[in-house]
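Read through the structure below, which is laid out as structure tokens, and then see the notes.
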Amino acid sequence: MSTIEAIAENYQTFNPAAYLQNNYIPPLADFSDPDSVVAWKLKCLADACASGEIGGQILVDIDSGPTVYQVLSAFELFKEVILTDFLAVNREELKKWLHDEPGAFDWGPSINQVCSIEGKGEPWQAKQKRLRERVSRVIPVNVHQSCPLGTELAPVTVDALVSSFCLEACSPNYPAFVKALGNITGLLKPGGHVLMIGALEESYYMAGEARLSAVSLTEEMTRKAYDVGYIIRDFRSYTLPESMTVDTDDAKGVSFVWAQKKESD
Ligand SMILES: Nc1ncnc2c1ncn2[C@@H]1O[C@@H](CSCCNC[C@@H]2Cc3ccc([N+](=O)[O-])cc3CN2)[C@@H](O)[C@H]1O
């Protein structure tokens, strides 16, 4: 079995509920703490989206996992939002939230935080309703395929991609990480934008019984992956303070990249 196949096999025990509890409730998502890492991620995304340079017809979130926080600013700028994940359990978790079904994760605190950052004074429930209406599809994705979405969108290319904690969490090594970035880049129009959040120096993380390996990336390795085909518009990094370290992963920090696909090489 190839390493990519072995990773896919290991993901069969991924537990979305455990993953959400590990990463999207306090302390990591404690918005009363100005050092909260989730607040930092939301601010990075909101700042890029406030530039006025990102927008268009279709936004694809590459490997949403069971989370929607990553599109809370970007979705406003597109007519259609497509969420994706490799695992059916995560796609089902997303649909549960989209349909406001019992047991769905409460993204209210994160949505409220984004409303505060964006400063438009609207109730978070209004933004939540708009996001639920803007998502057109929740579909499978495999970043190790040359066409990560299969024929779902082909030959249409999209205006922007968001991706959060995906590529490093499912690539066996750095070359595979770079190749996966190349695969998703094929979905993007020239001049299109990528907003990507990644773990820094993480070698594993837990999601219930599942212990998943990650390719450990430094800031330099993360930047270098965009050398071919992109202009980096913004790069930020966050070092996890003691108060934010958890026993469900060994990440040392988080990176944020806003990159724009070159019009032509
Ligand atoms: N072949 C594949 N193609 C696409 N996606 C695939 C594939 N295989 C698995 N997947 C997909 O990959 C998975 C990604 S889940 C995200 C894992 N991220 C690790 C975790 C997250 C986290 C969160 C918050 C903070 N923080 O400090 O605030 C730190 C960290 C660091 N650790 C899962 O969605 C699976 O479905």
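Stretched out fully, how many nm does the piece from GLN12 to ARG211 gain, at 0.36 nm a residue minus the Cα gap?
Contour length minus Cα-Cα distance gives 70.6 nm.
At LYS120 and SER264, where each label point lies 7 Å from the Cα along Cα→Cβ, what is the point-to-point distance in nanometres?
3.7
With a ≥ b ≥ c the root eigenvalues of the C-alpha gyration tensor of region 149-236, is it rounded (a/c under 1.5), prolate (a/b larger than b/c) or oblate?
oblate
Using a/c under 1.5 as the rounded threshold, could you call region 59-125 rounded, prolate or oblate? The axes a ≥ b ≥ c are square roots of the C-alpha gyration tensor eigenvalues, and prolate needs a/b larger than b/c, oblate otherwise.
Oblate is the answer for region 59-125, as a/c is 1.5 or above yet b/c matches or exceeds a/b.
Counting Lys +1, Arg +1, Asp -1, Glu -1, what net charge surrounds GLU118 among other residues with beta carbon under 13 Å of its beta carbon?
Every neighbour counted, the sum reads +1.
Note down the magnitude of the dipole of region 74-125 about its Cα centre, charges +1 on Lys and Arg C-beta and -1 on Asp and Glu C-beta and zero elsewhere, to the nearest 20 debye.
80
Over the chain, what relative contact order in percent results from Cα pairs under 8 Å that are six or more residues apart?
Averaging sequence separation for qualifying contacts and normalising by length gives 21 percent for the chain.
Of LEU181, SER264, ALA214, which is farthest along the charge dipole of the chain in the positive direction, counting Lys and Arg as +1 and Asp and Glu as -1 at C-beta?
SER264
Near the amide H of HIS144, under 5 Å away, which other amide H atoms are found, from residues 5 or more places off or on another chain, if H is placed in the peptide plane?
none
Magnitude of the Cβ-charge dipole of the chain, K/R +1 and D/E -1, about the Cα centre, nearest 20 debye?
So the dipole magnitude of the chain works out to roughly 760 debye.
How large is ³J(HN,Hα) for each residue in region 210-216, as worked out from phi by the Karplus curve 6.51 cos²θ - 1.76 cosθ + 1.60 (θ = phi - 60°), to whole Hz, x for Gly and Pro?
Running phi through 6.51 cos²θ - 1.76 cosθ + 1.60 with θ = phi - 60° gives 6, 10, 9, 7, 10, 7, 6 Hz.
For region 84-236, give the magnitude of the charge dipole about the Cα centre (Cβ charges: +1 Lys/Arg, -1 Asp/Glu; no others), in debye to the nearest 20.
420
Report the antiparallel proportion of the DSSP beta bridges in region 95-218 as a percent, rounded to a multiple of 5.
Taking every DSSP beta bridge within region 95-218, about 40 percent pair in antiparallel fashion.
Please label the shape of the chain as rounded, prolate or oblate, based on the square roots a ≥ b ≥ c of the eigenvalues of the alpha-carbon gyration tensor (a/c under 1.5 means rounded; beyond that, a/b larger than b/c means prolate, else oblate).
Taking the square roots of the gyration eigenvalues as a ≥ b ≥ c, the chain is rounded.
Please give the Cα centre distance for region 117-158 versus region 190-261, rounded to the nearest Å.
So the separation of the two Cα centres works out to 20 Å.
Taking every DSSP beta bridge with both residues inside the chain, roughly what % is antiparallel (nearest 5)?
Taking every DSSP beta bridge within the chain, about 50 percent pair in antiparallel fashion.
Throughout, read-outs are computed from the coordinates displayed, never taken from laboratory work. Keep in mind that what you see is a predicted model, and the values were worked out from it rather than measured. Because the Cβ atoms are built from the backbone with ideal geometry, glycine has one as well, and the counts that use them run over all protein chains shown.
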